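One structure below.
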Amino acid sequence: MNNRLKVLRAERDWSQAELALHLDVSRQAVNAIETGKHDPSLPLAFRIARLFEMQIEEIFDDQK
Amino acid sequence: MTKNERETSVPMSPKIRKARNLLWIALAVGFVLGIYFGAMGDGSMDILFSNNPVSSAVAGIGIVVWLIVVPWISWLWWQAVDEHEAGAYREGAMVAVHLYIFMVPTWWLAARAGWVPEQQPMIVFLIVCVVWTAVWFYRKYA
């Protein structure tokens, strides 16, 4: 699944470790989501959406 | 401070740190148990893979650690680990179980035919654990 997590993180000038701290996951988890190796669960997707104050579908795209 | 510098200086969340520390504790328990078996055994290096008799004290301590301490650490780890690592761990388990299912009967039949030595449960255990851990770490870090 495609996502805009890396772009959104860069806009805030956060490192992967900083984003991981906000989301209460490991840095490896953030990296895996950004590179499309791990699709987050629905609860984690909601946490990400709330953190960036966006809708889930504005961050994640299942069309490709 | 650059982003790369912050990458290493930012603290982990308490939950993730707890999961990491529990892994280190599990590793330390295994190390201490190995040292204990080595010290209490017959002096040979293959104490974990030997079928020679051991004293009741050695067996009792090993069983208590393996059936109570390790599962307790494992349960705590499952409460703290994030979903990505949990997924990597499950994937390692799936591969390891499939390896076990295919390896054990094959070895058993081959041994009965006299092609290979008799099956050693602890060798099977070690192979399953190594494959499980390799897949788990690969899926976590690669």
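The values are calculated or read from the model by the stated rules, or taken from the named source; none is laboratory data. Quick caveat, the model's predicted, so the values are computed rather than measured. Because the Cβ atoms are built from the backbone with ideal geometry, glycine has one as well, and the counts that use them run over all protein chains shown. Surface areas here come from the heavy atoms of the whole protein model, side chains and all, with no ligands, DNA or RNA. Shrake-Rupley method; radii C 1.70, N 1.55, O 1.52, S 1.80 Å.
Take residue B:37: with every protein chain present and a 1.4 Å probe, its accessible area is about 40 Å². With 0.36 nm allotted per residue and the present C-alpha distance subtracted, the residue B:57-residue B:90 stretch has 8.4 nm of extension available.
At a probe radius of 1.4 Å, figure out the B/A buried accessible area, summed over both chains, and give it in Å² to the nearest 100. Display every interim value, and only then the final one.
Numbers: alone 10460 and 4340 Å², together 13240 Å².
So the buried area, both faces added, is about 1600 Å².
Report, to the nearest 10°, how far helix B:70-80 tilts away from the longest principal axis of the Cα atoms in chain B, using its own Cα long axis and a range of 0 to 90°. Approximately 30 degrees, to the nearest 10.
Under 1.5 on a/c is rounded, so check that first for chain A, then, if it is not, pick prolate when a/b is larger than b/c and oblate when it is not; a ≥ b ≥ c are the square roots of the alpha carbon gyration tensor eigenvalues. Don't jump to the answer; show the numbers that get you there.
Working: a/c = 1.37, a/b = 1.25, b/c = 1.10.
Rounded, since a/c falls under 1.5.
Computed over chain B with a Gaussian network model linking Cα atoms closer than 10 Å, the most mobile of B:112, B:90, B:17 is B:112. The accessible surface of the stretch B:82-142, taken with every protein chain in place and a 1.4 Å probe, is 73 percent carbon and sulfur. Heavy atoms of the protein chains alone define the surface here; on that basis the stretch B:82-142 has 66 Å² accessible area per residue at 1.4 Å probe size. Per-residue accessible area (protein heavy atoms, 1.4 Å probe) orders B:50, B:56 as B:56, B:50, starting from the largest. In order along the stretch B:59-66, the phi-based Karplus estimate (6.51 cos²θ - 1.76 cosθ + 1.60, θ = phi - 60°) of 3J(HN,Hα) comes to 4, x, 5, x, 5, 4, 4, 6 Hz; Gly and Pro are listed as x. Computed over the protein assembly as shown, the percent of Cα pairs more than 24 Å apart is 56.
Where a ≥ b ≥ c are the square roots of the eigenvalues of the C-alpha gyration tensor, would you call chain B rounded, which needs a/c under 1.5, or, failing that, prolate if a/b is larger than b/c, or oblate? Oblate, since a/c reaches 1.5 and b/c is not below a/b. Estimated at the nearest 10 Å², the accessible area of residue A:39 is 80 Å² with a 1.4 Å probe. The packing ranking of peptides A:28-34, B:73-79, highest mean first, is A:28-34, B:73-79, where packing means the average number of other beta carbon atoms within 10 angstrom of each residue.
Determine the order of A:38, B:84, B:98 by accessible area, beginning with the largest, at a probe radius of 1.4 Å.
Most to least solvent-accessible, the answer reads B:98, A:38, B:84.
Is the stretch B:51-96 best put as rounded, prolate or oblate by its Cα gyration tensor, with a ≥ b ≥ c the root eigenvalues, rounded for a/c under 1.5, and otherwise prolate when a/b is larger than b/c, oblate when not? Oblate.
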